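Here the structure comes first, spelled out in structure tokens, and everything after it is commentary.
Bear in mind these aren't lab numbers, they're just calculated from the coordinates by the rules spelled out. Since the structure is predicted, the reported quantities are computational estimates derived from the model, not experimental observations. We place every Cβ from the backbone using ideal geometry, glycine too, and count neighbours over all the protein chains shown.
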Amino acid sequence: MQLEISVRRMFVEVPQVLVLCLSRAGPKGKIDVSVNTVEKLVLVDGNNINNEHVIKSVVVHVGSSTDSGHYAAYVVEDNAVVEHNDECVSLISTAEGIKK
């Protein structure tokens, strides 16, 4: 299933750090669709000045419902993507490899 959603917000002043939460919970439980992301977000402030935000980390939930499951974080560190999963920290790939 592919679902395309776009949201538009106006900023008087663009924040230095932006936190986005994409809730995939619906009235019948977790919506099981993949979320495609972009590497950079360009936000325009009230003066029409572009402000570029680079994605530094993503937290994901793995599980069949909103009541159970597990969270892991993927963080860009020194041009590499590192998975933080409980006590286990693993190098996933270089940032260049992800672009391909």
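Pairs of Lys residues in the chain are counted when their Cα atoms are under 25 angstrom apart and they lie 8 or more places apart or on different chains; the count is 5. Near residue 72: Cβ cut-off under 10 Å, other residues only, Lys/Arg at +1 and Asp/Glu at -1. The net charge is -2. For residue 80, the residues whose modelled amide H falls within less than 5 Å of its own, excluding neighbours fewer than 5 places apart on the same chain, are 95.
Candidate values (1) 35; (2) 48; (3) 26 were compared with percent of Cα pairs over 25 Å apart computed on the shown model; the agreeing label is (1). Loop-located GluC sites (Glu not before Pro) in the range 46-92 (DSSP state not H, G, I, E or B) with no more than 15 neighbouring Cβ atoms inside 10 Å: 87.
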